[in-house]
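Here's the structure, in structure tokens; my notes come after.
The values are calculated or read from the model by the stated rules, or taken from the named source; none is laboratory data. In this text, all values refer to a predicted model and were calculated from it rather than measured experimentally. Ideal geometry is used to build each Cβ from the backbone, glycine not excepted, and the neighbour counts take in all protein chains shown. Note: areas computed on protein heavy atoms with side chains; ligands, DNA, RNA excluded. Shrake-Rupley method; radii C 1.70, N 1.55, O 1.52, S 1.80 Å.
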Amino acid sequence: MLNKLYDWVDERLDITPIWRDIADHEVPEHVNPAHHFSAFVYCFGGLTFFVTVIQILSGMFLTMYYVPDVENAWNSVYYLQNEVAFGEIVRGMHHWGASLVIVMIFLHTLRVFFTGSYKKPRELNWMVGVMLFGVILGLGFTGYLLPWDMKALFATKVGIEIAASVPVIGEYIKILLAGDDTILGAQTLTRFFAIHVFFLPAALLGLMGAHFIMIRKQGISGPL
Amino acid sequence: MHRGKGMKFVGDSRVPALRKPNIPKDYSEYPGKTEAFYPNFLLKEWLIGAVFLIGFLILTVAHPSPLEAQADPTDTGYIPLPDWYFLFLYQLLKYEFASGPYNIVGAIIVPGLAFTALLLAPFLDPGPERRPIKRPLPTAFMLLALSSIVYLTWESVVNHDWEAAEAQGQIVEEVAIDKESEGYQIYANATCINCHGENLEGGVGPALVTTEKTAEEIAEIAVNGITKNDVVAMPPSWTGSEEELAVLAEFIATLGDEE
């Protein structure tokens, strides 16, 4: 039945090469922890991806309750945390996942660096990876404000002051992020929400797509 | 050309790289036990992923994510702290050479240089060698950056007053306070109210609605204050009579228990 359905679609769209390109390749021995235990360092990239998927899924569920507005943001998080069934777990996954994804991407960066895997012909993929690191730090920074509690507000205040100290364009960055040149309030919260939920995830997905296509094109770097 | 399910695939679609000495050899040229990604390797990854997920879920259940009191921009006494992964940048700004007039050094130049160097690493280190030991400069710089990050984060953590941080952000439960009671009258007429607030919700001093202290402990604090690490957290305050002190301490001690 499933086979027939597959054949029906395949006959019309020729989908076999698509998934073959993604799935049909050999995993070399030197990155396989089943053969060399020390090869677990090659898992960090995959775990970063795994935690990113958790972040996207848990984040989608969080927006079902979260209200990006100064009056209700904190109350909606409080309600989610204390009243909603499993809300504490979903928020917990997003909260701890945010830390975990940074730990994992950091370890992944170190692995690529110390195995010299960024060398020709993989320069572009390395640069995309560093940009991904930047995007993930940006997600961490913008997401920190969203619960609208004391630590969020005051940490963001400091962060925006630092951004404002950039020469020439600092003031503009500040206005872009905060929505005002002096007040950090309602406008800031909605901007951070938009950046955290739409702009940065879009950039993240695009860069991740590029990252993975390049890996498939070039393969994993050889053993040292 | 044969298309669809029966199509033959030879290897995977890698870019044919010109054989130049600084291009690492294709790993298919190394003898070894390769394994098909799908389904063999993917199934193993799946298992590791499941174990990882269980550990992660245990973490989320064991440590509920923190939530402080609702943001109050008028609270000027709040000591800010970023999330842990920005602590090293935050700590950098506290040093003399990176703050005040040199703020731009700590805020822009040092992080900017480090990020640019990381981004351009393939061009700063273009040689063919891949082993860390054979490219001492990149390795040394990375180790230096790593140890600075660890050191700065560590310094930031040990120099932060975590107890004060916990107290300043606490969600204060709204406890109904009987403002007619004798205890509250004493509280309001003494100096307590100036720091601990009209509803005992805190201000300069911490909230007193759920102190979890006994009346004796509270009386002791009111008379002697609190001195921690030679810093006076609360000055000795009580100047009234013993009788009133007992009533006051009893009033504060029983506030949280009324549920």
Give me the inter-chain shielding for A:74-86: mean count of other chain Cβ atoms within 10 Å, whole number please. 2
What FRET efficiency would be calculated for the residue pair A:E83, A:R20, taking the C-beta separation as r and a Förster radius of 35 Å, to the nearest 0.05? 0.15
Debye log10 I(q)/I(0) at q = 0.07, 0.09, 0.17 Å⁻¹ for chain B, Cα point scatterers: -0.55, -0.75, -1.32
With each label point set 7 Å from Cα along the Cα-Cβ vector, what nm distance links B:A176 and A:F37? 6.3 nm
Over 21 Å between Cα atoms: which of A:K157/B:K94; A:K119/A:K217; B:K33/B:K134; A:K151/B:K179; A:K217/B:K134; A:K217/B:K44 fall into that group? B:K33/B:K134; A:K151/B:K179; A:K217/B:K134; A:K217/B:K44
Please give the total accessible area that chains B and A bury against each other, computed with a 1.4 Å probe and expressed in Å² to the nearest 100. 7800 Å²
Would you please give the FRET efficiency between A:A194 and B:H160, computed as 1/(1 + (r/R0)^6) with r the Cβ-Cβ distance and R0 = 30 Å, to the nearest 0.05? 0.45
Carbon/sulfur fraction of accessible area - chain B, other protein chains in place, 1.4 Å, %: 63 percent
Percentage relative contact order, chain A, counting C-alpha pairs under 8 Å, at least six apart: 20 percent
In terms of modelled amide H atoms, which long-range or inter-chain residues lie less than 5 Å from the amide H of B:I226? B:A233, B:M234
Comparing each residue of segment A:192-219 in the complete protein assembly with the chain by itself (heavy atoms, probe 1.4 Å, ligands and nucleic acids ignored), those losing at least 30 Å² of accessible area are A:R216, A:K217
What does the accessible area per residue of segment B:107-223 come to in Å², with a 1.4 Å probe and no ligands, DNA or RNA counted? 63 Å²
Tell me the carbon and sulfur percent of the accessible area for segment A:13-84, rounded to whole percent, probe radius 1.4 Å. 67 percent
Please report the spacing between the Cα centers of segment A:158-187 and segment B:121-167 in Å, no decimals. 28 Å
Roughly how much of B:T210 is accessible, in Å² to the nearest 10, using a 1.4 Å probe? 70 Å²
Which whole-number value in Å² is the accessible area per residue of segment A:87-224, probe 1.4 Å? 40 Å²
Going by average Cβ neighbours within 10 Å, how do the peptides A:196-203, B:125-132 rank, with the highest at the top? A:196-203, B:125-132
Of the listed peptides B:248-255, B:230-237, what is their order by residue-averaged count of other C-beta atoms within 10 Å, with the highest listed first? B:248-255, B:230-237
Within 10 Å of the Cβ of an average residue in B:59-65, the count of other chain Cβ atoms is 6
Please work out how much accessible surface B:L143 shows to a 1.4 Å probe, ignoring ligands, DNA and RNA, in Å² rounded to 10. 90 Å²
Give me the number: length gained by fully extending B:V51 to B:E250, i.e. 0.36 nm times residue separation minus the C-alpha to C-alpha distance, one decimal in nm. 66.5 nm
State the percentage of accessible surface on segment A:128-224 attributable to carbon and sulfur atoms; use a 1.4 Å probe and exclude ligands, DNA and RNA. 77 percent
FRET efficiency (B:A145, A:L13; Cβ distance; R0 45 Å; to 0.05) is 0.40
